[in-house]
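As structure tokens, the structure follows; a few thoughts come after it.
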């Protein structure tokens, strides 16, 4: 029987860590992910887990030590947020190219500057090209479930890639929700014992990690990483199916909410999906308008064909980005979804919105406006700009 | 571990753990440091070798070939300390869980750029946490891999590509950082400073102590670079000897906080003997720069007295 609890997102991740009992966790404190290493340190202090904690002096060293531990043959994890991830940036690439199945609990927070401790996706979106699998969550339940699934995905022989399990800073990391926890023994058997094939401490086989590879070899490394990312698609779905068997909770690349007959769709990542669902319920109940939502769970690898298919029946779609990429055209999700639709020769009208940067609130009425705009766009076939902002303080904010 | 009398012939006939065929320069001090330190591993003991990015890494592990007879990890420039921390911690937990039975030693190499400068924080963290590992700095006094740029280990007045001697410049302005002393202040059980003596006894025995002392240990090894310093490769042993005889590079160790001077020249030689064979100091011997040699000498004397006080 599942265990009913009330936990914050950080507690839920820490609890999953306790159940998985990884070998090594180097970590450095940064708001809002700090609680995760704190909880783990408490488990260690009370003899509840075997994990060795490394009190590193920076996030760069956190990821460096995680890489060392993983290459040595240990199941290694870390946790961070925002500028901590930015400091790790170099190492994210090293972890992925060395094909190390590291799991990173990322609590999404805006990047400086100005310094800001609240949720947006600029940290993980900035690392979207680093070769990590990225899985996002709407709720505490989802981040717990995703975290457990991350290990079999990362460690699968067809994949061997690091996985970033993302949740929205404060919104889910500190917000307490009802949650269903899986029993310890079932988590342990789901995740399995970690048995690396090649590792530094293997007494039977020496290994060298991290070569200097000149142009004769570098490109093949990247191609191999791409292949692993392609193969990760099947592994993510297989793992989700296995997780559903265990818990009854269903996961895929994304969740479709009220999409069966939807004419107007929002595509979004993370906790704001919950607010959008409330708006959908209200709109459908009061007006009967056919509005729906696609909530991205897996951003890397990007489920391009599946998203294009899921949007094929709608008249207009709003792609909602919680981070800027300053292309002066789209946000990261906007660009990906537009590319997917173009490739599928779709005629869906698309508008890209920026919302919630640095923790700016987004409300049910904001989503109602988005759906109204989609109706207008579908009717007039006029998209006023490549992207729009939601919730700016005033028009002046658009001044340079 | 029992310290046995040093037998040069025996030590030199131990199997090489850095295989020939790597691409380091002829007369490279870094390579000599690595070979000597790895020789200090007991035969049969397993090891994981770490390495900061630098000449050594790009020349000894060029895909698909490795020169290391042991398991080896290079991660990046600034994180050899942290990376090996992770490896060493993994070893402890896997051993605790009964997943590995063998004994492993952990030794990492970094140049002075990767150790004094960009990797300083990572090194400091690893030392402070007390991982059972040895960090060996092969100190050649500049960023040699990228072409002899100044580091905080570069001696004052050295002509480097970022502190070139010119019409209004006499090379590097600042004096070099004393990293061995800084690491000693971390209160680690063993710190040694060494270079190449005529039979390598000093470096070999310090490496033995560093490797087999439980806890974090640091070795700072002056490892001359023929290209960056500008000397004939055959001159290397003489340059090391002059570094000791002039007290430019004193041999000392700090064992459990106790400072020990390992060599005191009977007649301290003038610093010119160390400077003269090196192209990087050539400009100091111009008429107008005479007083700089005096200033260099004064700094050497000051530091030598300071060291002797610590060791008394």
> Rounded to the nearest 0.05, what FRET efficiency do residue B:276 and residue B:9 have when you use their Cβ-Cβ distance and R0 = 41 Å?
Replying inline: 0.80
>> Can you tell me how region A:106-240 classifies by the Cα gyration tensor, rounded, prolate or oblate, using a/c under 1.5 as the rounded cut?
In response: oblate
> Nearest-5 percent of antiparallel DSSP beta bridges in chain A?
Replying inline: 25
> Given a Förster distance of 22 angstrom, what is the FRET efficiency for residue A:41 paired with residue B:96, based on the Cβ-Cβ distance and rounded to 0.05?
Replying inline: 0.80
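When DSSP assigns beta bridges and you keep just the ones with both residues in the protein assembly as shown, what percent turn out antiparallel, to the nearest 5?
30
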> Over the Cα atoms of chain A, what Rg and Dmax result, in angstrom?
Replying inline: 21.0, 69
>> What's the whole-number percent of alpha carbon pairs in region B:79-163 lying beyond 21 angstrom?
In response: 41
>> Please compute the length gained on full extension between residue A:376 and residue A:48, using 0.36 nm multiplied by the number of residues separating them and subtracting their Cα-Cα distance.
In response: 112.3 nm
> Given chain B, what percent of its DSSP beta bridges are antiparallel, to the nearest 5?
Replying inline: 35
> Per residue of chain A, what 222 nm ellipticity follows from adding -39500 (n - 2.57) for every DSSP H run with n ≥ 4, rounded to the nearest 500?
Replying inline: -13000 deg cm²/dmol
>> Quick check: Cα centre of region B:133-169 to Cα centre of region A:149-191, how many Å?
In response: 47
>> Need one number for region B:23-141: average projected area of the convex hull over its C-alpha atoms, nm².
In response: 7.5
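How high is the relative contact order of chain B, in percent, with contacts defined as C-alpha pairs under 8 Å that are six or more residues apart?
16
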> Each label point is 7 Å from the Cα along the Cα-to-Cβ direction; what then is the distance between the points at residue A:193 and residue B:267, in nm?
Replying inline: 7.0
>> Could you tell me the center-to-center distance, by alpha carbons, between region A:12-34 and region A:268-285 in angstrom?
In response: 30
>> Checking a compactness column here: for chain B, what do you get for Rg(Cα) / (2.2 N^0.38 Å), N being the number of residues?
In response: 0.97
> Mean residue ellipticity at 222 nm from the helices of chain B, using -39,500 (n - 2.57) per DSSP H segment of n ≥ 4 over the full residue count, to the nearest 500 deg cm²/dmol?
Replying inline: -10000 deg cm²/dmol
> Looking only at A:212, A:199, A:136, which one moves most when chain A is put into a Gaussian network model with springs between Cα atoms under 10 Å?
Replying inline: A:212
> How high is the relative contact order of chain A, given as a whole-number percent (alpha carbon pairs under 8 Å, six or more residues apart)?
Replying inline: 15
> On average, how much area does the Cα convex hull of the protein assembly as shown cover when viewed from any direction, in nm²?
Replying inline: 35.4
>> Using only the alpha-carbon atoms of region A:205-334 as identical scatterers, what base-10 log of I(q)/I(0) does the Debye formula give at q = 0.15, 0.19 Å⁻¹?
In response: -0.87, -1.15
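Under the classification rounded if a/c is under 1.5, otherwise prolate if a/b is larger than b/c and oblate if not, where does region A:275-400 fall, given a ≥ b ≥ c as square roots of the Cα gyration tensor eigenvalues? Write out the running numbers ahead of the final one.
Details: a/c = 1.40, a/b = 1.07, b/c = 1.31.
Cα axes put region A:275-400 in the rounded bin.
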> For residue A:176 and residue A:284, what does the FRET efficiency come to when R0 = 30 Å and r is the distance between their Cβ atoms, rounded to the nearest 0.05?
Replying inline: 0.55
> Per the Kirkwood formula on distinct C-alpha pairs, the Rh of region A:88-166 is how many angstrom?
Replying inline: 13.0
>> I want to verify a result. In a Gaussian network model of chain B, Cα cutoff 10 Å, which of these has the top mean-square fluctuation: B:11, B:255, B:188?
In response: B:11
> Which of rounded, prolate, oblate describes region B:31-94, given a ≥ b ≥ c as roots of the alpha-carbon gyration tensor eigenvalues and a/c under 1.5 marking rounded, otherwise prolate only if a/b is larger than b/c?
Replying inline: oblate
> Does anyone have the angle between helix A:218-247 and the longest principal axis of chain A? Alpha-carbon axes, 0 to 90°, nearest 10?
Replying inline: 80
> Considering chain B as a Gaussian network with a 10 Å cut-off on Cα pairs, which listed residue, B:13, B:151, B:169, attains the greatest mean-square fluctuation?
Replying inline: B:13
>> Compute the helix-to-body angle for B:120-129: its Cα long axis versus the longest principal axis of chain B, expressed 0 to 90° and rounded to tens.
In response: 40
>> Quick check: Cα centre of region B:227-249 to Cα centre of region A:327-384, how many Å?
In response: 67
> Relative contact order for region B:103-196: what is it in percent, counting Cα pairs under 8 Å that are at least 6 residues apart?
Replying inline: 24
> How far is helix A:364-380 tilted, in degrees, relative to the longest principal axis of the Cα atoms in chain A, given as a value from 0 to 90 rounded to the nearest 10?
Replying inline: 60
> Projected area of region B:162-288, taken from the Cα convex hull and averaged over every viewing direction, in nm²?
Replying inline: 9.2
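Throughout, read-outs are computed from the coordinates displayed, never taken from laboratory work. Predicted model only: the values in this text are computed from it and were never measured. Because the Cβ atoms are built from the backbone with ideal geometry, glycine has one as well, and the counts that use them run over all protein chains shown.
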